[in-house]
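Okay, structure first, notes after.
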Amino acid sequence: MSKSGRVIQSTGKWYKVAVEGGKIFECTIPGKFRLEKKEVTNPVAVGDMVDFNVNDDGTGIISEIKGRENYIPRQATHGKRGEQILVANVDRAWVVQSVKEPKLNTGFTDRFLVTCEAYEVPAGLVINKMDLANKKAAGFIEMISELYRSLGYPVLNTSIKDDDSLAVLIKNLKGKTSVFIGPSGVGKTSLLNVIDPELNLKVGEISSYSQKGKHTTTFARLVPLQAGGYIVDTPGIREFGIVNIEKSELSLFFPEMIEPRENCKYYNCTHYHEPDCGVAEAYQQGKIDPGRYESYLNILESLEG
Ligand SMILES: Nc1nc2c(ncn2[C@@H]2O[C@H](COP(=O)(O)OP(=O)(O)O)[C@@H](O)[C@H]2O)c(=O)[nH]1
Ligand SMILES: [Mg+2]
Ligand SMILES: [Zn+2]
């Protein structure tokens, strides 16, 4: 008997595959998969859509992996594309920030957005702890929210104390596969717990990243939401750093630079010191936000070569 489903968890040998209706099958993969797909260490990734055959004992053997919409790499900082897949088929990555404690970090936000763009993972921004915003902070958050919306990213302003804002969040997660990324303390776990108390995640938990250097396994897991859809739960997500992008490619991942870069004199312009630069011109005309341009320059400087 052949079935179709989605890999929601993996231990390396066994893959949990959820089929429509929620039933879960424990599946293995045939050895030949590993040989054929040498370029990846995990031929089947969490998030993959697969076909499998059911054995007499109720376990399954995966027979086919469907093409991936996108994927988030593991340890993107040093890895090249296609090496290790943390999770596949993500509908949206939400960069979570907070108004205060810790305060909103646009540099961090822009780094994550660039990585999402590079991997074709649709991104959005959640600004949490809105209840902590005084009048001045609220004005600033409003400005930031408008900036990112104008770049095409959905922006949600949330507080665990504001049910209306949580309803909007749920609406955005419903039926989708979403991942929350962001610095610790911004409220990622708290948000997930209030929208789905059954998740029962630990707030303020120091996760296993502190074990850096040790060889810790960082398999992702898809956690089903009551509202439908999945949240990606993974300790490795913080490694979702900047990919190995060519300096001259970086501006492709800043939506507001895509058009202006067409006007650069040099095909490999980095929009930093070159003459006749379309991006620099757009910046001088006020068409590119100074903070975003600063982020661009910071990321540019951090790239090798
Ligand atoms: N005032 C306020 N505090 C929040 C909010 N969301 C989370 N917190 C608090 O922020 C702290 C860190 O939350 P946590 O969910 O562990 O953050 P994470 O590291 O991003 O998962 C906890 O003390 C939460 O109670 C919010 O919307 N408003
Ligand atoms: Mg947490
Ligand atoms: Zn240029």
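Of note:
- Per-residue ³J(HN,Hα) for the range 97-103, Karplus 6.51 cos²θ - 1.76 cosθ + 1.60, θ = phi - 60°, Hz, x for Gly and Pro: 10, 10, 5, 9, 6, x, 6
- Computed extension gain for Glu198 through Leu132, at 0.36 nm per residue and net of the alpha carbon distance, reaches 21.1 nm.
- Neighbour counts of C-beta atoms inside 10 Å place Tyr71, Tyr283, Tyr266 in the sequence Tyr266, Tyr283, Tyr71, starting with the fewest.
- The amide H of Val90, built 1.01 Å from its N in the peptide plane, has Asn70 as neighbours under 5 Å, considering only residues 5 or more places off or on other chains.
- Over all other residues within a Cβ to Cβ distance under 11 Å of Val95, the charged ones net out to +2, with Lys and Arg as +1 and Asp and Glu as -1.
- Once both labels are positioned 7 Å from their Cα atoms along Cα-to-Cβ, the gap between Ser63 and Asp162 label points is 5.2 nm.
- Here the gap between Phe140 and Lys100, fully extended at 0.36 nm per residue and compared with their Cα-Cα distance, gives a gain of 13.2 nm.
- Footprinting exposure proxy ranking of Ser190, Ser63, Ser98, fewest other C-beta atoms within 10 angstrom first, gives Ser63, Ser190, Ser98.
- When each of Asp289, Asp48, Asp110 is scored by the number of other beta-carbon atoms lying within 10 Å, the sequence from fewest to most is Asp289, Asp110, Asp48.
Quick note: the coordinates plus some simple rules give every number you see, no bench work behind them. Quick caveat: nothing in here was measured; it's all calculated off a predicted structure. Cβ atoms come from the backbone with ideal geometry, glycine included; neighbour counts cover every protein chain shown.
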